[in-house]
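Reading through the structure tokens given below for one structure.
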Amino acid sequence: MKLLVMTDTHIRGTTPGRRMDNFKETLLKKLKEVKQIAIEEEVDFILHGGDLFDRPDTAPSVVNEFINVLCDYPVPIYLVAGNHDLFGHNPETLPRTMLGVLVASGVVNLVSEEPILLSKDGIDLQLTGKSFDYEVDSKNTTAYSVKKAEDVDYALHLVHGMLLERPFFDQGYTLIEDVETEADLIVVGHYHLGFGKLEFNGTKFLNPGALARISADLKEIKRKPQVALVDFKEEIDIQLRELETASKGAEVLDRSEIEDVKFREKKLANFIREVKATEQFKVFSSTDILDKLATNNQLESEVVAEARERIGQAQERLGGSN
């Protein structure tokens, strides 16, 4: 049994300010190359690690173009929902999103914590998944934990979460060394730079990195978008394959825009630090509100859920996922 893994395509109709190409056309070319790789490598299934879309309300005209490509894939696509796929980062809003439309129409298949059995050439694979929510990378998270059935050969768990080899942020991540699971392979998205393939305590971990380069991180210039090919035989063999249609970072990412973004981010960070020093403001966005709600043990779970739902509805009315 062979799988192809990609993640974080961030389908959108406009071009990010820091890119010098036509982002939509570039992404269409990449996804068509993924199809050709799937045919050449004779893969049986395709996995997507989340953030199929850049917004939950992507324009139907744009979605239609990409549906034509995805429907032409030779094998089924299984995925989890990423934070950009949802209103207010709330999984409950999925039916009202463009990803929800693709799931309902059978273009893609949503993976949940309820196991899916995939069988091919005498190999039985247990597939489970965890879509993004605010508890994925909370303290003592169980988002990466899964029990393996006794009658399967392998267990694969697909998560849209900030799983890292080492900490790069102050919070909002999970370290590989802290994961306790019976899964043979954990595949993740969300962290765009990726970490390739790793192994710890007998479990393999995989994040090939985002198919799309939309951030102003200088590391994106050096990174070449890639997919992973996972072959299940007597052991799990993982190969990373760079996309030929992906240009060099310096050809599509504007360095001057990157430097300008870094300068603005530094000024913003200084401003926030100064405001916080006054102790007059504690929260700056709905995202911060949700983060605080998710970590406030004094609030009842029903209160937290209701607050998330209302923020998600407000963002849905206004448009956007952030």
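Over the chain, with a Gaussian network built from C-alpha contacts below 10 Å, which listed residue (LEU156, LEU117, LEU240) shows the highest mean-square fluctuation? Result: LEU117 has the largest fluctuation of those listed.
Equivalent-ellipsoid semi-axes for the chain (Cα gyration tensor, √(5λ), whole Å, largest first): 30, 25, 20. For the range 131-187, a Kirkwood hydrodynamic radius built from all Cα pairs, placed in the Stokes-Einstein relation at 4 °C and 1.567 mPa s, yields a translational diffusion coefficient of 108 µm²/s.
Counting only aspartates and glutamates at least 8 places from LYS139 when in the same chain, those with an alpha carbon closer than 15 Å to its own are ASP170, GLU177, ASP178, GLU180, ASP291.
Evaluate the charge dipole of the range 2-249 about its Cα centre and quote only its size in Debye, nearest 20, assuming +1 on the Cβ of each Lys and Arg and -1 on the Cβ of each Asp and Glu.
Charge dipole of the range 2-249: 1200 debye, to the nearest 20.
Note on the chain: with a GNM built from Cα contacts shorter than 10 Å, the maximum mean-square fluctuation among ASP151, ASP72, ASP51 falls on ASP151. Positive-end ranking of PRO115, LEU163, VAL146 along the dipole of the range 112-244, with charges on Cβ about the Cα centre, is headed by LEU163.
Among the listed pairs LYS204/LYS224; LYS130/LYS224; LYS120/LYS197, no Cα-Cα separation exceeding 30 Å is found. Taking every DSSP bridge with both residues inside the chain, close to 45 percent are antiparallel. Taking square-rooted eigenvalues a ≥ b ≥ c of the alpha carbon gyration tensor, is the range 95-158 rounded, prolate or oblate, where a/c under 1.5 means rounded and, failing that, a/b exceeding b/c means prolate? Taking the square roots of the gyration eigenvalues as a ≥ b ≥ c, the range 95-158 is oblate.
For the chain, hydrophobic long helices are taken as DSSP H runs at least 18 Å long by C-alpha position along their axis with mean Kyte-Doolittle hydropathy of -0.5 or more; these are 23-40.
How large is the helix-only mean residue ellipticity at 222 nm for the chain, computed as the sum of -39500 (n - 2.57) over DSSP H runs with n ≥ 4, divided by its residue count, in deg cm²/dmol to the nearest 500?
Rounded to the nearest 500, it is -9500 deg cm²/dmol.
Other residues whose C-beta falls under 12 angstrom from the C-beta of PHE168 contribute a net charge of -1, scoring Lys and Arg +1 and Asp and Glu -1.
Only the coordinates and a few stated rules stand behind these numbers; no lab work does. These figures come from a predicted structure and were not determined experimentally. Don't worry about glycine lacking a Cβ; one is built from the backbone with ideal geometry, like all the others, and counts go over all protein chains shown.
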